[in-house]
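Quick notes on the structure that follows.
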Amino acid sequence: MDRCIVLVDAGYLLGAAASLLAGEPSRSRITVDHSALIQGLRERAESDTQQPLLRIYWFDGAPDRVPQPEHRRLRVMPRVTVRLGALTRSDGRWAQKGVDAAMHAELTELARNRACSDVVLVTGDGDLLPGMMAAKEHGVAVHLWAVQAADGDYNQSEDLVAEADERRVLDRAWITKAVRAKDYTGVCAPQPAPRPEIAAILSAPLPESALGAPAERPAPQPRHPVDGPGENGTGERMAAPKGVPTPKDLAALRAPGTQPAQPPASATLRWSSDKGWVDRPTAEPPEAASMPTLAQLTTAEQRWADREEDITTVGGDSFEVGQVFARRWVERLGDQSHLQKLSGMYPRIPHRVDGELLRYAARFGLLAHKDDQIDERDRYAIRAGFWREISVRTGVEHPPLDA
């Protein structure tokens with residue numbers, strides 16, 4: 001058919017653009033206007049091939065193939081289809097898996113089915129050479145586009161360049177219409193502006209309502225004896241650990257043959273907005289347990305609208321995600337007394353609502369494993385955004401609390 005299709009290797013396109021504009025191939029060094037980029041690709045493809053565009057295929061990698069915020073925005077754009085491969089970490093570097101194979105399969109299938117007369121490839125990987133040759137044998141004209149290399153040399157496979165029917169270089173002027181380098185001071189990214197809400201969550205003591213009256217609480221007991229005989233009966237002194245107990249401390253409390261004094265039955269580690277040991281009742285206070293979740297307040301029509309907003313509008317910033325969740329919860333809350341009760345629980349969020357909030361954040365790729373560790377700061381920022389929106393809705397400001 002007389003139409004064109006564009007296949008984009010996002011790793012190559014954005015990595016080469018980062019090298020050109022920021023001096024290194026890290027995509028974190030650039031910001032991308034995806035709408036402008038897609039429009040630029042469409043206009044250039046139609047101009048070069050003299051054929052109307054059928055579709056742009058965007059191939060990229062993602063952890064566990066879970067769409068990231070940029071993929072959600074791309075896949076609802078007209079004439080754009082997103083195909084995701086895996087993104088894995090090896091020897092301290094991220095690498096795409098399955099992207100080249102997916103591009104090869106798509107290219108050969110489109111050519112075999114005569115879905116187009118022209119294919120534009122934005123890639124530099126020589127692994128696509130067999131697919132390019134197969135497409136040509138089916139009568140498809142293959143256009144190969146390169147991103148201008150930072151050093152003026154090629155950043156594509158020489159065999160791929162030699163096999164293409166037509167070639168074009170996307171120069172700096174074209175790239176900067178949709179991509180720009182982030183502003184950096186020296187070689188390090190600027191630190192984000194501190195948010196007092198996060199400091200409040202980190203430093204807040206446990207509310208008295210959750211602990212019970214002071215007189216009812218048992219006297220604190222040391223987690224390890226300071227004096228007395230040790231395991232070998234020699235009267236060794238055991239130093240009490242400081243700060244939050246580590247997994248090693250917890251294992252020592254339960255290790256067979258040890259005689260450390262156990263904490264009270266109700267004592268447990270505080271959740272991530274607290275520090276150290278606390279006395280927690282077996283059940284939440286009635287006002288917290290009765291707090292409705294967003295799912296209970298949301299109709300099927302609202303759920304559909306929420307998904308559309310998440311895809312097209314919500315950017316995925318941790319703080320913003322918490323605000324969006326809180327806004328929906330407050331707007332759909334029928335009994336406003338719940339809002340006042342919640343405000344009085346600051347900075348703690350009832351477990352049911354907090355769990356739902358974090359599951360919602362996971363849709364945007366937050367709370368995922370980063371460098372083999374869970375990013376706790378994202379959790380604090382999500383909850384801080386939640387409380388900021390609650391403060392706006394109630395008119396009650398929650399100042400940072402001292403540790």
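The values are calculated or read from the model by the stated rules, or taken from the named source; none is laboratory data. Fair warning: this is a prediction, and the values are worked out from it, not measured in the lab. Neighbour counts run over all protein chains shown; Cβ positions are idealised from the backbone, glycine included.
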Completion exercise
The number of residues in segment 25-51 that are assigned to a helix (DSSP H, G or I), under 26 Å from the mean Cα position of the chain (by Cα) and hydrophobic (A, V, I, L, M, F, W, C) is 3
Practice task
For segment 344-364, name all the residues that are surrounded by 18 or more Cβ atoms within 10 Å (Cβ to Cβ), at pLDDT 85 or above and within 22 Å of Glu70 (Cβ to Cβ).
Solution key: Leu358, Tyr360, Ala361
Practice task
Given the conditions (1) within 17 Å of the chain's Cα centre (by Cα); (2) surrounded by fewer than 20 Cβ atoms within 10 Å (Cβ to Cβ); (3) at pLDDT 85 or above, report the number of the one that Leu367 does not fulfil.
Solution key: (3)
Exercise for the section: Look through segment 309-342, keep the residues that are assigned to a helix (DSSP H, G or I) and of a type in the set (S, T, N, Q), and return whichever of them is nearest to Arg72 (Cα to Cα). Expected result: Thr312
Practice task
Only residues in segment 165-176 that are more than 16 Å from Glu43 (Cα to Cα) and without any contact (Cβ under 8 Å) to a residue 40 or more places away in the chain count as the first member; pair them with residues that are among the basic types (Lys, Arg) and surrounded by 14 or more Cβ atoms within 10 Å (Cβ to Cβ), Cβ under 9 angstrom, at least 6 apart or cross-chain, and list the lot.
Solution key: Asp165/Lys136
Problem - Criterion: part of a helix (DSSP H, G or I) and touching a strand residue (DSSP E or B) at 6+ places or on another chain (Cβ under 6 Å) - qualifying residue of His104, His71, His143 - result: His71
Problem - For Pro78: the one exception among (1) more than 22 Å from Ser28 (Cβ to Cβ); (2) within 31 Å of the chain's Cα centre (by Cα); (3) not in a loop (DSSP other than H, G, I, E, B) - result: (3)
Handout entry: Close pairs (6 angstrom Cβ cut-off, 6 or more residues apart or separate chains): under 12 Å from Phe325 (Cβ atoms) in segment 293-311, at pLDDT below 90 anywhere
Key = Thr293/Arg352
Handout entry: Test for Ser26: is it more than 24 Å from Gly315 (Cα to Cα) and of a type in the set (S, T, N, Q)
Key = no
Handout entry: Which numbered condition Ala305 misses (of (1) closer than 27 Å to Glu287 by Cβ; (2) surrounded by fewer than 17 Cβ atoms within 10 Å (Cβ to Cβ))
Key = (1)
Problem - Leading residue by the ranking (surrounded by the fewest Cβ atoms within 10 Å (Cβ to Cβ)) among those in segment 1-52 that are of a type in the set (S, T, N, Q) and either closer than 17 Å to Lys182 by Cβ or in contact with a Phe, Trp or Tyr (Cβ under 9 Å, 6 or more places away or on another chain) (or both) - result: Ser28
Handout entry: Whichever residue in segment 116-131 is of a type in the set (A, V, I, L, M) and modelled with pLDDT of 95 or more and, among such residues, is farthest from the chain's Cα centre (by Cα)
Key = Val119
Completion exercise
Counting only residues in segment 135-150 that are surrounded by fewer than 16 Cβ atoms within 10 Å (Cβ to Cβ) and in contact with a Ser or Thr (Cβ under 9 Å, 6 or more places away or on another chain), the one modelled with the lowest pLDDT is identified as Ala149
